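A.B. asks: My structure is below; once you've seen it, I'll send some questions.
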Amino acid sequence: MKETLFSNLASLCDKLARTTRRNEKIELISDFLCGLEEEEIAPAVTQIIGIIFPEAERGSLEIGYSTLKQILERKEKQTTLLPVPLTILSVRMYFDEISASRGTGSRQKRQNLLESLLGEASPLEATYLVKMIFGEMQHGVSEGLMIEAIASAARIDPELVMRANMLLGDIGEVARLALIEGDSGLRRIDLQLFRPIKPMLAEMAYSIGEIFKEGKRWAFEYKFDGARIQIHKKNEETRIFSRRLSDVTLSLPEIVELSGKFKVGEAVFEGEVIAIKNGKPLPFQELMRRFRRIQEVEKVRKEIPVKLYLFDILYIEGTTTIDMPYEKRWNLLASICPALLAERKISQDVSDVEDFLNRALAKGHEGLMAKAMDSPYTPGKRGKKWFKIKPAETLDLVIVAADWGYGRRTGWLSNYYLGAIKEEGDFDIIGKTFKGLTDQGFKNITQRLLSLKISETKSTVYVRPEIVVEVAFTEIQRSPTYKSGFALRFARITRIREDKSHMDADTINRVKEVYEKQFKRKGQSGINPG
Ligand code: AMP
């Protein structure tokens, strides 16, 4: 087999960065994929879109910008005598070794591996390797575009490629199957136990009336303020996955015990765990302590008891149920675990639903979720099938920089620049805030921000955009202050979204939508005061 050189992939990326035309990008990638050997397809795809390390793993690799900068500086001074050209497969092997190194001395080992990888790279290759490591390719190739490129290379319906990707959650493997086995290879894919799929997402609704305008029949469930989990059960064995698909089984022993009692052999459930004390939900931050302190899980288990509410079932006894309508899935779920179902009301009447919302809020929950009775479960997708209804207006934004505080806040990074996702993976600032955190919160976040530092001036530290915060505000205004043209009024951090990655943050488009909807809402007796 003749291995494809990594330099070909790097120049493909360079070409992709030079064109803004979607069709041209699709054609470039599609042609490239068609020229690869079977073993090269999956690594090439993940390298092109820059997801070489699973999202959940990237942070724990502890490869900082400063480490990389040092390596690159040393590299400039060295001259390699007999360079062995990198190939797609050799790069893949380096990356595998880097993510496999764990435990004592692993930091140094990773650094050595990176050093020899970059030592073998040409300047263009090194540029793209670094971009891959940080998952910021800046050439405008989203997962959606890659799916179209795979479909075009394999001459398959993009919808089928998308479904396979939703179920497998491994776009490299999907590409390999599509190109090698074609249509029938993709049709064979089903949900697999212990392999989590991305959760279905909800759109924000600004009034209950707006939901009914969609012209469907709706069910409303309490929206619990906790952590979403996917429970995979096969007879005696249970594994639990977080919203970001990491395995959190060890943090939730009581949920494992509980699932052991479900009267079903094989199944995948979805639900929300919340922390409770004296029957009342505790703030989300409390629950997050459960996920951070694995060593003392037995102790924390007593301090922060959790309660599980189930709201979906995705697989049962060998059958994937995601294409079934919501109501049918709910009935299946109800037949297995009736005692754990989320509180629910089926109603097509605004004032009825308002009462139900008020009841949810009075019990300390976050709001309601509206679900279309006939809707299938679409993993990883946001559509008009699920709506969330929350009384306060919030956006999930990413901290991109922070100012040093003064007075009482001297020594802390305490004023945060908040970014929303711009079209191609970078962030536009839409506001700044120093409100909402406790003193301890300021201290913690200062440390984390310093570890993400890219550059700094006397007053400001610029960071890698990784920390996602939920920000409440009263209004979005048009403003020349920031390049985005928007500014938040009275912004305040309501919590740190440890469960979300920077890629899950809200987009500028979303900010624009919220801005526009404000006008429609004003003067109505909406559910969003403020
Ligand atoms: P958000 O995180 O604000 O985008 O809201 C969506 C999240 O609400 C989901 O990811 C779940 O974690 C959570 N949630 C709480 N209750 C429900 C429910 N009954 N159905 C679906 N999601 C729920």
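A.B. asks: What do you get for the angle between helix 22-34 and the principal long axis of the chain? Use alpha-carbon atoms, 0 to 90 degrees, nearest ten.
C.D. replies: 60 degrees
A.B. asks: Once the piece of chain linking S116 and K363 is laid out straight, how much longer is it, given 0.36 nm per residue of separation minus the C-alpha distance between them? Could you put the intermediate results ahead of the total?
C.D. replies: Working: separation 247, 0.36 × 247 = 88.92 nm, distance 5.74 nm.
Additional length available on full extension: 83.2 nm.
A.B. asks: Given H placed 1.01 Å from N in the peptide plane, which residues other than close sequence neighbours of W218 have an amide H under 5 Å from its amide H?
C.D. replies: Those lying under 5 Å, H to H, from W218 are S347, M373.
A.B. asks: In square nanometres and to one decimal, what's the mean projected area of the convex hull around the Cα atoms of the range 201-389?
C.D. replies: Working: hull surface 41.6 nm².
Projected area, direction-averaged: 10.4 nm².
A.B. asks: Taking only Cα atoms, what is the 0 to 90° angle, nearest 10, from helix 350-362's long axis to the longest principal axis of the chain?
C.D. replies: 80 degrees
A.B. asks: For L450, project a label point 7 Å along Cα to C-beta. Then give me every residue of the range 375-408 with its amide nitrogen under 18 Å of that point.
C.D. replies: Hits in the range 375-408 for L450 at 18 Å: 401-408.
A.B. asks: For the range 434-454 and the range 160-202, what is the centre-to-centre distance using only Cα atoms, to the nearest Å?
C.D. replies: 39 Å
A.B. asks: Hey, another quick one. Amide H neighbours of T321 under 5 Å, counting only residues 5+ apart in sequence or on other chains, H built in-plane at 1.01 Å?
C.D. replies: Amide H to amide H, under 5 Å and 5 or more residues apart or across chains, T321 pairs with Y315, I316.
A.B. asks: Taking the alpha-carbon centroid of each part, what is the distance from the range 345-395 to the range 208-229 in angstrom?
C.D. replies: 2 Å
A.B. asks: Under the √(5λ) rule applied to the eigenvalues of the Cα gyration tensor, what semi-axes describe the equivalent ellipsoid of the range 53-194? Give them in Å, descending.
C.D. replies: 34, 18, 13
A.B. asks: Here's another thing I want to ask about it. If I model a spin label as a point 7 Å beyond the Cα along the Cα-Cβ vector, how far apart are those points for K15 and Q285 in nm?
C.D. replies: 5.2 nm
A.B. asks: Which value, in debye to the nearest 20, gives the size of the charge dipole of the chain about its Cα centre, when Lys and Arg are +1 and Asp and Glu are -1 at the Cβ? Display every interim value, and only then the final one.
C.D. replies: On the way: 82 positive and 75 negative charges, 419 e Å.
That gives the chain a dipole magnitude of about 2020 debye.
A.B. asks: State, as an integer percentage, the relative contact order of the range 6-187 based on alpha-carbon contacts under 8 Å between residues 6 or more apart.
C.D. replies: Working: 183 pairs, mean separation 65.7, N = 182.
It comes to 36 percent, rounded to a whole number.
A.B. asks: Lys/Arg Cβ at +1, Asp/Glu Cβ at -1, dipole of the chain taken about the Cα centre: which of T249, Q447, A372 is farthest positive-ward?
C.D. replies: Of the options given, the answer is Q447.
A.B. asks: Want the number for R217 to R344: 0.36 nm per residue separation, take away the alpha-carbon distance, what's left?
C.D. replies: On the way: separation 127, 0.36 × 127 = 45.72 nm, distance 1.39 nm.
Roughly 44.3 nm would be gained on extension.
A.B. asks: Which whole-number value in Å³ per residue fits the convex hull of the alpha carbons of the range 277-422? Mind dumping the intermediate values first?
C.D. replies: On the way: hull volume 32.2 nm³, N = 146.
Taking the convex hull of the Cα positions in the range 277-422, it is 221 Å³ per residue.
A.B. asks: Whole-Hz ³J(HN,Hα) for each residue in the range 193-203, computed from phi via Karplus 6.51 cos²θ - 1.76 cosθ + 1.60 with θ = phi - 60°, x for glycine and proline: what do you get?
C.D. replies: Computed from phi, the couplings for the range 193-203 are 4, 6, 10, x, 10, 5, x, 5, 10, 10, 8 Hz.
A.B. asks: Quick one: helix 439-451 against the long Cα principal axis of the chain, what's the angle to the nearest 10°, folded into 0 to 90?
C.D. replies: Tilt of helix 439-451: around 20 degrees.
A.B. asks: On each of the three principal axes of the Cα atoms of the chain, give max minus min coordinate, whole Å, ordered largest first.
C.D. replies: Taking max minus min along each principal axis of the Cα atoms, the chain gives 75, 64, 49 Å.
A.B. asks: To the nearest µm²/s, what D does Stokes-Einstein give for the range 345-469 at 4 °C and 1.567 mPa s, using the Kirkwood radius over alpha carbon pairs as Rh? It would help to have the intermediate numbers written out before the result.
C.D. replies: Details: Rh = 17.6 Å.
So the translational diffusion coefficient is about 74 µm²/s.
A.B. asks: Also, I was wondering about something else. Can you tell me the relative contact order of the range 394-521? Whole percent, Cα pairs under 8 Å, sequence separation 6 or more.
C.D. replies: Details: 267 pairs, mean separation 38.0, N = 128.
Relative contact order comes out at 30 percent.
A.B. asks: Turning to a different aspect of this structure: To the nearest Å, what is the center-to-center distance of the range 109-141 and the range 296-344, using C-alpha atoms only?
C.D. replies: 42 Å
A.B. asks: Can you pull the one-decimal nm distance between simple spin-label points at T457 and T67, each 7 Å off the Cα toward Cβ?
C.D. replies: The modelled label-to-label distance comes out at 3.0 nm.
A.B. asks: Tell me, what is the percent relative contact order of the chain, built from C-alpha pairs under 8 Å that lie six or more residues apart? Walk me through the intermediate numbers first.
C.D. replies: Working: 938 pairs, mean separation 68.5, N = 530.
So the answer I get is 13 percent.
Every read-out reported here was derived from the displayed coordinates using simple, explicitly stated rules and does not represent laboratory data. Keep in mind the model is a prediction, meaning the values are calculated, not measured. In this analysis, Cβ positions are derived from the backbone assuming ideal geometry, glycine residues included, and neighbour counts consider all displayed protein chains.
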